[in-house]
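Scroll down for the structure; my scribbles are underneath it.
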Amino acid sequence: MKRLKIKEIIGGELIGTQVLVKGWVRTKRGSKNVNFIALNDGSTIHNLQVVADVEKFGEEFLKDINTSASLAIIGDLVASQGSGQAVELNATEIVIYGKADPDKYPIQPKKHSLEFLRENAHLRFRTATFSAIFRIRHAMAFAIHNYFNSKGFIYLHTPIITGSDAEGAGQMFRVSTLDAKNPPLLEDGSVDYSQDFFGKATNLTVSGQLEGELGATALSDIYTFGPTFRAENSNTARHLAEFWMIEPEMAFYELQDNMDLAEDFLKSLIKYALENCMDDLDFLSKRLQEEEKNKPMDERSMELIEKLRFVQENDFVRLPYTEAINILKDSKPYKKGKFQYPVDWGTDLQSEHERYLVEKHFKKPVILINYPKEIKSFYMKQNDDGKTVSAMDVLFPGIGEIIGGSQREENYDKLVKRMEEMGVPVHEMDWYLDTRRFGTVPHSGFGLGFERLMLFVTGMGNIRDVIAFPRTPKNAEF
RNA sequence: UCCUCAGUAGCUCAGUUGGUUAGAGCGGCGGACUGUUAAUCCGUAGGUCGUAGGUUCAAGUCCUACCUGAGGAGCCA
């Protein structure tokens with residue numbers, strides 16, 4: 001007999017037939033005559049109600065069916081007599097694969113704090129909340145590949161171990177097979193990496209962008225989607241030491257095209273979630289609303305599904321940095337001295353400023369462009385004004401920066417000059433500069449933090465809850 | 001890394017100006033009852049009060065250091 005997933009049978013089309021299901025027990029409600037087992041197999045947020053006759057199976061046997069025990073059940077699928085579900089399974093045969101000692105199993109059929117579940121991240125998949133999150137995460141990963149594939153982009157696998165330490169995107173994790181206690185030293189006392197595995201110092205990648213540019217300047221449109229590592233000591237709800245990033249890079253795209261793609265991309269991902277993950281989104285929305293009840297009125301945010309629809313249906317605001325500064329200088333909080341940090345042309349916007357623009361002033365996603373060149377990376381295209389670069393940051397309500405990107409500087413001389421000004425070792429970047437030496441083209445790209453997208457789509461507040469096994473400072477469990 | 005707050009039963013928390021035997025709800029276990037919906041009712045077990053020092057006749061409570069977590073900031077995706 002072929003096992004069916006619960007998702008396939010709760011619709012009710014198979015009522016009147018005999019089915020085989022396998023899964024884990026969420027709860028069991030006992031009684032003298034009949035037991036109700038809520039069975040979940042991860043295929044859907046919904047549980048299957050299994051009805052087990054006590055006389056038929058025996059009290060002793062049913063005692064081992066506790067929360068998280070694993071079962072195979074053959075039974076007759078019938079319309080439910082109760083009101084909580086459309087169908088239920090009258091069990092005729094139950095096999096217990098594995099018991100779960102209720103004295104020791106940590107996840108109880110009750111609401112747990114997210115902090116507690118984070119400490120039990122190996123078991124949190126068995127909760128409704130996390131099974132919903134990881135189904136959505138899968139759906140989003142699929143939607144990303146689907147989107148780029150439909151647009152003719154090539155999925156390029158950029159290296160995870162890199163020999164380049166000039167990317168400048170952040171602190172790196174060193175990759176080495178040298179003896180940490182007693183590494184070979186050079187005469188000046190520094191570590192001799194020529195004796196290391198790769199014959200040089202290597203690190204985990206902080207971005208696939210530079211390699212992505214190599215692909216784009218031949219294949220036209222590429223994207224990467226892979227793990228990225230930052231060794232920064234960031235302790236926030238928006239940062240991870242290991243996270244997943246999507247980095248498209250497009251030849252012949254200028255800043256305008258880059259913005260168009262970023263906006264269309266984000267909207268289509270949200271649309272995909274709304275069309276394919278409604279059960280899970282509904283569950284997460286209700287969960288959030290329960291939490292919001294405890295907050296004061298003015299701190300409550302928009303209902304999750306309403307928020308997703310809003311972003312999907314409305315155009316993002318596109319705003320030059322210089323105008324953003326003017327808006328901020330003209331704002332009430334600025335005039336009343338409510339901002340903690342100063343607002344001056346040439347300094348980077350602080351979280352409080354971004355939040356004001358997105359959440360108070362425009363009340364929708366904002367794409368900030370044309371930043372002062374001093375606060376952005378060397379590879380960004382220098383604008384004709386001599387002061388700004390063609391950078392773009394997409395800011396989302398509640399998340400902050402979800403995408404960072406730019407048109408790249410395609411002019412060899414300008415790029416090298418900028419690298420020298422910013423102290424980037426030009427001689428180590430010959431491979432990168434070859435894209436400008438040979439058949440250079442205008443091109444653009446951006447990076448989307450996958451977990452930041454997940455925060456927005458699921459409405460979760462902590463990035464550690466949208467990745468299966470979060471890696472953060474002082475934490476590499478499991 | 002900085003600021004603020006927290007750490008008491010398996011979980012979520014209460015614990016008065018320092019003062020006898022540390023409490024509740026949920027969960028577990030035992031029982032009753034019931035086509036139940038995180039069922040209900042009765043009973044019951046369960047604690048190195050984050051760790052290490054210190055102050056005191058007396059510390060869950062006060063002080064110091066450290067560890068861990070959360071919120072915010074910086075860095076960024």
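The values are calculated or read from the model by the stated rules, or taken from the named source; none is laboratory data. Please read these numbers as outputs of a predicted model, since none were measured by experiment. Cβ atoms come from the backbone with ideal geometry, glycine included; neighbour counts cover every protein chain shown. Surface accessibility is based on the protein's heavy atoms, side chains included, excluding ligands, DNA and RNA. Shrake-Rupley method; radii C 1.70, N 1.55, O 1.52, S 1.80 Å.
Which ones in the range A:11-37 are of a type outside the set (Lys, Arg) and closer than 18 Å to A:LEU123 by Cα?
Passing the criteria: A:GLY23, A:TRP24, A:VAL25, A:THR27.
A:ILE45 is checked against (1) open to solvent by 40 Å² or more (accessible area, probe 1.4 Å); (2) in contact with a helix residue (DSSP H, G or I) (Cβ under 9 Å, 6 or more places away or on another chain); (3) assigned to a loop (DSSP other than H, G, I, E, B) and fails just one. What number does that condition carry?
(1)
Out of A:LYS336, A:LYS332, A:LYS293, I need the residue that is of a type in the set (D, E, K, R), out of contact with any strand residue (DSSP E or B) (no Cβ under 9 Å at 6 or more places or on another chain), surrounded by fewer than 13 Cβ atoms within 10 Å (Cβ to Cβ) and under 27 Å from A:MET454 (Cβ atoms). Which one?
Going through A:LYS336, A:LYS332, A:LYS293 in turn, the sole match is A:LYS293.
For the range A:258-285, which positions are under 17 Å from A:SER150 (Cα atoms) and open to solvent by 20 Å² or more (accessible area, probe 1.4 Å)?
Within the range A:258-285, A:ASP260, A:ASP264, A:LYS267, A:SER268, A:LYS271, A:TYR272 qualify.
Got a sec? Which of A:LEU261, A:LEU266, A:LEU240 is touching a helix residue (DSSP H, G or I) at 6+ places or on another chain (Cβ under 9 Å), of a type outside the set (Asp, Glu) and part of a helix (DSSP H, G or I)?
Answer to the check: A:LEU266.
Among the residues in the range A:72-89, are any part of a strand (DSSP E or B), at pLDDT 90 or above and either under 18 Å from A:GLU477 (Cα atoms) or open to solvent by 50 Å² or more (accessible area, probe 1.4 Å) (or both)?
Yes.
Exactly one of these conditions fails for A:ALA218: (1) over 19 Å from A:PHE446 (Cβ atoms); (2) open to solvent by less than 40 Å² (accessible area, probe 1.4 Å). Give me its number.
The one condition A:ALA218 does not meet is (2).
What's the number of the condition A:LEU319 fails, among (1) in contact with a Pro (Cβ under 9 Å, 6 or more places away or on another chain); (2) buried (at least 16 other Cβ atoms within 10 Å of the Cβ); (3) free of Cβ contacts under 8 Å to residues at least 60 places away in the same chain; (4) over 30 Å from A:MET278 (Cα atoms)?
Single failed check for A:LEU319: (1).
Given A:GLU60, A:GLU55, A:GLU93, which one is within 11 Å of RNA strand B (Cβ to nearest atom) and open to solvent by 10 Å² or more (accessible area, probe 1.4 Å)?
Every option except A:GLU60 fails the conditions.
How many residues, within the range A:226-266, are more than 10 Å from RNA strand B (Cβ to nearest atom), within 15 Å of the chain's Cα centre (by Cα) and charged (D, E, K, R)?
So the answer is 0.
Looking only at the range A:437-448, count every residue that is over 17 Å from A:LYS267 (Cβ atoms) and surrounded by 14 or more Cβ atoms within 10 Å (Cβ to Cβ) and tell me the total.
7
Considering (1) more than 15 Å from RNA strand B (Cβ to nearest atom); (2) loosely packed, with under 12 Cβ neighbours inside 10 Å; (3) closer than 30 Å to A:ALA273 by Cα, say which one A:MET302 fails and leave the rest.
The failed condition is (2).
Could you count how many residues in the range A:366-382 are within 13 Å of RNA strand B (Cβ to nearest atom), free of Cβ contacts under 8 Å to residues at least 60 places away in the same chain and farther than 27 Å from A:ASP434 by Cα?
Residues that pass the stated criteria total 1.
Evaluate the following for A:GLU115: is it out of contact with any Asp or Glu (no Cβ under 7 Å at 6 or more places or on another chain) and exposed (fewer than 15 other Cβ atoms within 10 Å of the Cβ)?
yes
Kindly establish whether A:TYR272 is assigned to a helix (DSSP H, G or I), in contact with a Leu (Cβ under 6 Å, 6 or more places away or on another chain) and among the hydroxyl-bearing types (Ser, Thr, Tyr).
The answer is no for A:TYR272.
Can we say A:ASP101 is near RNA strand B (Cβ under 10 Å from one of its atoms), loosely packed, with under 15 Cβ neighbours inside 10 Å, in contact (Cβ under 8 Å) with a residue 12 or more places away in the chain and more than 19 Å from A:THR127 (Cα to Cα)?
No: the conditions fail for A:ASP101.
How many of the residues in the range A:456-472 are open to solvent by 10 Å² or more (accessible area, probe 1.4 Å) and near RNA strand B (Cβ under 8 Å from one of its atoms)?
4
Within the range A:23-52, which residues are within 12 Å of RNA strand B (Cβ to nearest atom), at pLDDT 90 or above and charged (D, E, K, R)?
Answer for the range A:23-52, where residues must be within 12 Å of RNA strand B (Cβ to nearest atom), at pLDDT 90 or above and charged (D, E, K, R): just A:ARG26.
Here is a list: A:LEU448, A:LEU453, A:LEU415. Which entry is within 11 Å of RNA strand B (Cβ to nearest atom), not basic (Lys, Arg) and not in a strand (DSSP E or B)?
Answer to the check: A:LEU453.
From (1) at pLDDT below 90; (2) within 31 Å of the chain's Cα centre (by Cα), pick out the condition that doesn't hold for A:ALA180.
Of the numbered conditions (1) at pLDDT below 90; (2) within 31 Å of the chain's Cα centre (by Cα), the odd one out for A:ALA180 is (2).
Could you look through the range A:118-166, keep only residues that are among the aromatic types (Phe, Trp, Tyr), in a helix (DSSP H, G or I) and open to solvent by less than 30 Å² (accessible area, probe 1.4 Å), and pick out the one that is farthest from A:GLU290 (Cα to Cα)?
Out of the qualifying residues, it is A:PHE148.
Out of all the residues in the range A:383-436, which are without any contact (Cβ under 8 Å) to a residue 12 or more places away in the chain and either on the phi > 0 side of the Ramachandran plot or crowded, with 19+ Cβ neighbours inside 10 Å (or both)?
Answer for the range A:383-436, where residues must be without any contact (Cβ under 8 Å) to a residue 12 or more places away in the chain and either on the phi > 0 side of the Ramachandran plot or crowded, with 19+ Cβ neighbours inside 10 Å (or both): A:GLY386, A:GLY423.
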